[in-house]
Amino acid sequence: MDIDEIKVAVVRIEGTNCEDETVLAFKSLGVFCEAVHLKQFYSDMIKDEEQRNITDYHCLVFPGGFSAGDYVRAGAIFSARTKSVLQRDIENFIKNGYPVLGICNGFQVLVELGALPGFDEDKPIAEKPEMALGVNDSNRFECRVTLLKHENKGKCIFTKKLEKNVVMFPVAHAEGRVTFPMGKEDEFVDRLIENDQIVFRYVDDEGNYANYPWNPNGSYYNIAGICNVKGNVFGLMPHPERVFFGYQHSNERNGYGDGKAVFESIVEYLRRF
């Protein structure tokens, strides 16, 4: 696929607030990208010229923010609305190998949707959530720089262009603690490891797995991001779009920051599609 053929949709509703930065990241790589309100995919009240179809795009991104005010649970309302009208379309999208990315609130949406951890390749969206992103152990909103060790051995298409072993992405969330069913935590982690689904884990400034504040939310096994078993659905709590450019990075003045590799990886994958 030529780069000028690639189309990306950053799906938004009321309360999302990171769509512009995400759109800019893709556009900076020469890719067509637009923010699309969820209603544009299904509502007959939308003008014809503003209606969209998932098949118009080659990548879907659920951005960060506080969709629907994070009422009920973070990402719960966004995911419920998405599942009610687009479940079959998104399942086909994933089965066909197209990438789906969820950043922060988007990760919460993908978990609530049942698209992550995504153990079943034949049924990419589970009937109900299989894991959760709970309230941070600190019981407060955490906005800070985090260091992430790249754990994936090659399955995740979103980090193929990542050359560093440890990257710096910031976090900004109140509900980012990765949790699994009580008593089955190790079973889930073992399964994720076996399937090469763990992508990033929180580490300290020496590259060691560490507790708060390095792990900002208390995530089990220091997990910061995971992909599905197919490798084309990826969710993470830290924000790569906020360190796309060098001036956004704490120790870079020019060029690009660590987050660029995530978006480059998507583009490179689709160019080979």
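The values are calculated or read from the model by the stated rules, or taken from the named source; none is laboratory data. Note that the structure is a prediction, hence the values are computed from the model and not measured. Neighbour counts run over all protein chains shown; Cβ positions are idealised from the backbone, glycine included.
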How about segment 138-163: which of its residues are in contact with a helix residue (DSSP H, G or I) (Cβ under 8 Å, 6 or more places away or on another chain) and either farther than 21 Å from GLN108 by Cβ or not polar (S, T, N, Q) (or both)?
HIS150, ILE157, PHE158, LYS160, LYS161, LEU162, GLU163
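Yes/no per residue for (1) modelled with pLDDT of 95 or more; (2) surrounded by fewer than 20 Cβ atoms within 10 Å (Cβ to Cβ); (3) within 20 Å of ASN152 (Cβ to Cβ):
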residue	(1), (2), (3)
ARG191	yes, yes, yes
PHE200	yes, no, yes
VAL203	yes, no, yes
GLU206	yes, yes, no
TYR209	yes, yes, yes
TYR212	yes, yes, no
SER219	yes, no, yes
ILE223	yes, no, yes
Residue list for segment 84-123, restricted to those being within 20 Å of HIS239 (Cα to Cα) and not hydrophobic (A, V, I, L, M, F, W, C)
PRO99, GLY102, ASN105, GLY106, GLN108, GLU112, PRO117
Go through segment 1-112 and tell me which strands (runs of 3 or more DSSP E), entirely inside it, have 2 or more residues that are surrounded by fewer than 20 Cβ atoms within 10 Å (Cβ to Cβ) and among the hydrophobic types (A, V, I, L, M, F, W, C).
32-37
Which numbered condition ASP196 misses (of (1) on the phi < 0 side of the Ramachandran plot; (2) at pLDDT 95 or above; (3) not β-branched (Val, Ile, Thr))
(1)
Residues of segment 88-105 satisfying the condition of being of a type outside the set (A, V, I, L, M) and closer than 22 Å to ILE157 by Cβ
ASP89, GLU91, ASN92, PHE93, LYS95, ASN96, GLY97, TYR98, PRO99, GLY102, CYS104, ASN105
Which ones in segment 113-130 are more than 11 Å from LYS230 (Cβ to Cβ), surrounded by 14 or more Cβ atoms within 10 Å (Cβ to Cβ) and over 13 Å from the mean Cα position of the chain (by Cα)?
GLY114, ILE125, ALA126, PRO129, GLU130
Of (1) surrounded by fewer than 16 Cβ atoms within 10 Å (Cβ to Cβ); (2) under 13 Å from GLY225 (Cα atoms), LEU147 fails just (1)
Out of segment 216-225, which residues are touching a residue at least 60 places away in the same chain (Cβ under 8 Å) and either more than 12 Å from PRO238 (Cα to Cα) or assigned to a loop (DSSP other than H, G, I, E, B) (or both)?
PRO216, ASN217, GLY218
Of all strands (runs of 3 or more DSSP E) completely enclosed by segment 131-197, which ones contain at least 1 residues that are touching a strand residue (DSSP E or B) at 6+ places or on another chain (Cβ under 9 Å), free of Cβ contacts under 8 Å to residues at least 12 places away in the same chain and not polar (S, T, N, Q)?
none
Picking from GLY246, GLY183, the residue that is surrounded by fewer than 24 Cβ atoms within 10 Å (Cβ to Cβ) and at positive phi would be GLY183
